[in-house]
Amino acid sequence: MLEFARTAESISATSSTLAKTQTLADYLKTLEPDDLRLAATYMTARPFGGSDRRVLRLGWSAIGRVIERLAQRSPEEMSQAYLRHSDLGDWTEEALDKRTKPEPVGLRDVAAVFDVIEAAPTAEAKQKELEALLARLDPLAAKYVIKVLAGDLRIGLQQGLVEAAIAKAFEREPAAVRRLHMVTGDIGETAVRARKGDLDTAAVTLFQPLRFMLASPVETAEEAIRRSGADEVWTEEKYDGVRCQLHTAGGEVALYSRDLKETTAAFPEVTEAAPALGRELVVDGEILAHRDGKVLRFFELQRRLGRKVVGEKLRAEVPVVLVAFDLLRLDGEDLLDHPLAERRRRLEALDLQHPFLLARREVARSAEDLDRIFAETRERGNEGLMVKDPDSGYTPGRRGMAWLKLKRPLATLDVVVTAVEWGHGKRRGVLSDYTFAVLDEASQKLVNVGKAYTGLTDAEIAEYTQKFLEMTTADYGRARAVRPEVVLEVAFDSIQISNRHKSGFALRFPRIVRIRDDKPVGEIDTLARVGELYERYFGSATEIPLAAVAET
């Protein structure tokens, strides 16, 4: 594990992607298959492989308690150390300096402890196992164990570089390695098969989730038409649900989420209906809350998410459907390389019945077509459009020009900052996360409606860090309450009902447009304005013609 950590440190120390790739390749080619599988997986900050749906259920607070027990330092020391790093792994390394008794610990030893932690029945038992592991690690190795558990190495190593390093280590074609990883969804399995030269047997496998094809964002219809390069494009409404992959064969059914976790139990009406399809299928789609022909808002769907058991009462209150928009496997045939037009034709031929619906499709041949379709879908309460090339194949885990997502801010609001937080990663040491509020005219009080951390330059963030330090009214460690004096203009994509804020609303995907030095706090937007926007676009369930196929 220490050699893994030293390799990660070397990768972190250079900004050159070529050097990062070479360093990792040199390390990987020295490993036996079992260690290779684990090293590749850990380099993507996952404790288990992509085809392994187990989760450790060991949160940050639990990890923090383990570190504090081992460190035996004062709360003040620990707090100041965390503020210096704003990173759980870096904090661990400093906290455990001269506090452990290092001994040789291999990657397989770490994996064995992860297995025990996953199976441990209580939070206390999980913490005990982690504590025993960390106590025998060099602080540098402990740093990277914690980074893996936290899900972010923060060494500038993107997934594509790991693929490139595997190809370089074993002298394989990069495209073949990428293709294999696309289909397996497991970088450890990909590394082991690349080592053996087994690259030509990749195919969609039932009940092994496939990474989802991704879309590149565009802001204008003109950009979408230009970047697609197609004479005509297909559009689908960008529904406010959760991505879902359906696998079914011989009466067996599984549903998988965007992060490849199994979600079968959360949507029993879909699971119960799938065997009646009578086919061997892998379908890509979106789960929506849906009642009486109308799509319910996302905050309703949230009540269903993450549940192991969904009772009859909740099923009646928030029924769901699966809106299908792509077909990846049919009766033993892999369809990834077939054009979208062919995959859609076969999907339509399935004659799906409730709770399965077919995504609405329209054809656009110009930017004017796209603008019209976008306006219509926004009025129906959807957040944007998917724009797809009908000749494109399905490329799992890849973001290219074949699928585009056209999104625009719903509106902007002028708000005031009420609290700030220290940033993470590259923004450690600066106050970069801003909670903001609007005015409730009825009570003449400020009520929070969201938090934003994108949109400003590094220079602006540095400048306002000093200002916010001077404006602090209460220091809570990572967060600070500040005098409500800094006005921002924020853009956002949608509004949802929220129990977290006294306002009752939360802006979704807010980002800062600019700092409004020209606007006094007394002129910020009001809670009534937020309510007006919500009622216009999201106030009730709206009828969305899901299954219609319209051409322009």
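The values are calculated or read from the model by the stated rules, or taken from the named source; none is laboratory data. The structure displayed is predicted, hence computed values, not measured ones. Neighbour counts are summed over all protein chains in view; Cβ atoms, including those assigned to glycine, are modelled from backbone coordinates with ideal geometry.
The table below gives the values:
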item: Output for region 182-213, where each listed residue is charged (D, E, K, R), in a loop (DSSP other than H, G, I, E, B) and more than 21 Å from the chain's Cα centre (by Cα); result: D198, D200
item: Strands (runs of 3 or more DSSP E) contained entirely in region 268-369, each with at least 2 residues that are surrounded by 21 or more Cβ atoms within 10 Å (Cβ to Cβ) and in contact with a helix residue (DSSP H, G or I) (Cβ under 8 Å, 6 or more places away or on another chain); result: 281-291, 320-330, 361-364
item: Unique match (being among the basic types (K, R) and farther than 28 Å from L153 by Cα) among K467, K426; result: K467
item: Entirely in region 12-90, the helices (runs of 4 or more DSSP H) that have 1 or more residues that are surrounded by 14 or more Cβ atoms within 10 Å (Cβ to Cβ) and at pLDDT 95 or above; result: 17-28, 33-43, 60-71
item: In region 214-230, the residues that are over 25 Å from the mean Cα position of the chain (by Cα) and exposed (fewer than 14 other Cβ atoms within 10 Å of the Cβ); result: R226, G229
item: Where G425 falls short, out of the listed (1) surrounded by fewer than 17 Cβ atoms within 10 Å (Cβ to Cβ); (2) farther than 30 Å from F374 by Cβ; (3) touching a strand residue (DSSP E or B) at 6+ places or on another chain (Cβ under 9 Å); result: (3)
item: Filtered residues of region 224-238 (kept if among the aliphatic types (A, V, I, L, M) and assigned to a strand (DSSP E or B)); result: V233
item: Members of region 376-398 that are of a type in the set (D, E) and within 29 Å of K294 (Cβ to Cβ); result: E376, E379, E383
item: H247 vs. criteria modelled with pLDDT under 95 and surrounded by 15 or more Cβ atoms within 10 Å (Cβ to Cβ); result: no
item: Scan of region 496-512 for residues that are among the polar types (S, T, N, Q) and either farther than 21 Å from S443 by Cα or surrounded by 17 or more Cβ atoms within 10 Å (Cβ to Cβ) (or both), ordered by number; result: Q496, S498, S503
item: Close pairs from region 300-313: first without any contact (Cβ under 8 Å) to a residue 60 or more places away in the chain, partner β-branched (V, I, T) and surrounded by 13 or more Cβ atoms within 10 Å (Cβ to Cβ), Cβ under 8 Å, at least 6 apart; result: E300/V318; R303/V318; R304/V310; R304/V318; R304/V320
item: Odd one out for G185 among (1) surrounded by fewer than 19 Cβ atoms within 10 Å (Cβ to Cβ); (2) outside the structural domain of Y256 (by TED's automatic domain parsing); (3) at pLDDT below 90; (4) small (G, A, S); result: (1)
item: Residue satisfying condition, being more than 25 Å from the chain's Cα centre (by Cα) and crowded, with 18+ Cβ neighbours inside 10 Å, within set L410, L446, L431; result: L446
item: Any hit, region 128-149, residues being at pLDDT 95 or above, outside any helix (DSSP H, G or I) and not acidic (D, E); result: yes
item: Identity of the residue in region 250-266, modelled with pLDDT of 95 or more and not small (G, A, S), that ends up surrounded by the fewest Cβ atoms within 10 Å (Cβ to Cβ); result: E252
item: All positions within region 316-334 that are in contact (Cβ under 8 Å) with a residue 40 or more places away in the chain, more than 26 Å from the chain's Cα centre (by Cα) and under 26 Å from E237 (Cβ atoms); result: L330
item: Hits in region 389-410 - residues which are among the hydrophobic types (A, V, I, L, M, F, W, C) and modelled with pLDDT of 85 or more; result: M401, A402, W403, L404, L406
item: Unique match (being without any contact (Cβ under 8 Å) to a residue 60 or more places away in the chain and closer than 25 Å to V162 by Cα) among P33, P139, P75; result: P139
item: The one condition in (1) among the β-branched types (V, I, T); (2) under 23 Å from the mean Cα position of the chain (by Cα); (3) outside any strand (DSSP E or B) that T377 fails to fulfil; result: (2)
item: Sole exception among (1) out of contact with any Pro (no Cβ under 9 Å at 6 or more places or on another chain); (2) touching a residue at least 24 places away in the same chain (Cβ under 8 Å); (3) assigned by TED's automatic domain parsing to the domain that holds R65; (4) of a type in the set (D, E, K, R) for R172, by number; result: (3)
item: Enumeration of residues in region 385-406 that are crowded, with 20+ Cβ neighbours inside 10 Å and acidic (D, E); result: D389
